[in-house]
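A.B. asks: First, the structure itself, so that you have it in front of you.
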Amino acid sequence: MIKKFLCLMLCIGIFAFAGCRDNKENKGTGENTATTAATEPTTQPKKVTYTNPLTGEDGFSKKVSQQRPVAIMVNNLSIAQDIQTGVNKADIVYETEVEGGITRLVAVFQDFKSVKQIGSIRSSRYVYIDIAAGHNAIYAYHGIDTRYAQPHLNIVDSIQVDTNNGAARISNGLDYEHTLYVYPDKVWNSIKSAGIKTTATKAKTWQKFAPANKPVKLKNKAEKVTVPFSYSYNTTFKYDKSSKRYVRYFNDEERKDYNTGKSTKVKNVFVLLTTIQNYPDGYHRNVALSSGRGYYFVNGTYAEINWSKGDSNNGFEFTDKNGKALKVNPGNSWVCIADSSTSMPIID
């Protein structure tokens, strides 16, 4: 009897062990299946980005790529360059003479309202209106030359910025005339409130940009270029190999942002030579924007080019010496428009 009881208990134990083992194996299989399912890669839709028409760089939203740029006047007096801000965020900066041997800037932004602050802001001159018109840009300024520039203002959509529509007077140690700064997001709202059209029906790229993976490199070496606009205004660009950009200097002093302390660095530098003479008033400067020759600097190299603009609403066109459309490296640009008889660039 005892033997039969022991045999029965042994059989029960064997079946119980087999059942537990089977359950453990089933549980293990289920856990592995769940883990496999969880770790299977899922296909994510590729994010579509658009090109900045002013720089040829990708990464923009469709909305921003199709909106009109803003071209804004920036003070460039020698004493005011230390308090410049936002200039290093511009897609394109144009520099040329205004009067008395000094220069002024017009900075062009595709995504204007993304910049925190720009300034200081100064008055308009005739040539900058033509430059803005060539970009189909909304032109922003404070004050104007009433004799020559004001009658020409009707060719662009414009806004005179002041403390009532997005600008503020900020103490910076200089006289009152040098203290006006804009907050672009507020100015953009004022532009829209004024009923100015902010989208471009034809968003044309500024130049023929080379593919991003094929950087432009030209035949001649150019580690440094200086443009002597006048005896007291020398704008210089020195090539920085680490960033592969040109750093801006004024009379050999590096220009840095007033708020951030960051250098002004640009990928492309253009020097466009033309005729610059006084208007009949003997004071304001008349900068011809028909056509001429010039230079293109990029990646520590340079080449001679030809340029043309002509009509106010035309943009600049650049070609090589053989008349073929110039391939421009994607990136921001600085354009010096200088007198061919007095301001030939010095290239090192």
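The values are calculated or read from the model by the stated rules, or taken from the named source; none is laboratory data. If you're wondering where the values come from, they're calculated on a predicted model, not measured in any experiment. No Cβ is skipped: glycine too gets one built from the backbone with ideal geometry, and neighbour counts run over all protein chains shown. Areas reflect the complete protein model, heavy atoms only, side chains present, ligands, DNA and RNA absent. Shrake-Rupley method; radii C 1.70, N 1.55, O 1.52, S 1.80 Å.
A.B. asks: Is at least one residue of region 209-220 outside any loop (DSSP other than H, G, I, E, B), out of contact with any helix residue (DSSP H, G or I) (no Cβ under 8 Å at 6 or more places or on another chain) and among the basic types (K, R)?
C.D. replies: Within region 209-220, not a single residue is outside any loop (DSSP other than H, G, I, E, B), out of contact with any helix residue (DSSP H, G or I) (no Cβ under 8 Å at 6 or more places or on another chain) and among the basic types (K, R).
A.B. asks: Here's another thing I want to ask about it. Quick one: count up the residues across region 250-290 that are over 18 Å from G119 (Cα atoms), surrounded by 18 or more Cβ atoms within 10 Å (Cβ to Cβ) and in contact with a strand residue (DSSP E or B) (Cβ under 6 Å, 6 or more places away or on another chain).
C.D. replies: Looking only at that region, the number is 12.
A.B. asks: Can you tell me which of (1) surrounded by fewer than 15 Cβ atoms within 10 Å (Cβ to Cβ); (2) touching a strand residue (DSSP E or B) at 6+ places or on another chain (Cβ under 7 Å) is the one N313 doesn't meet?
C.D. replies: (2)
A.B. asks: Continuing with this model, one more query. Can you list the strands (runs of 3 or more DSSP E) lying wholly within region 83-197 that have 2 or more residues being buried (at least 19 other Cβ atoms within 10 Å of the Cβ)?
C.D. replies: 92-97, 103-109, 138-141, 158-160, 180-182
A.B. asks: Would you mention how many residues in region 202-222 are open to solvent by 60 Å² or more (accessible area, probe 1.4 Å) and more than 19 Å from T319 (Cα to Cα)?
C.D. replies: 4
A.B. asks: What's the total number of residues in region 55-83 that are of a type in the set (A, V, I, L, M) and without any contact (Cβ under 8 Å) to a residue 60 or more places away in the chain?
C.D. replies: The number of residues fulfilling the criteria is 2.
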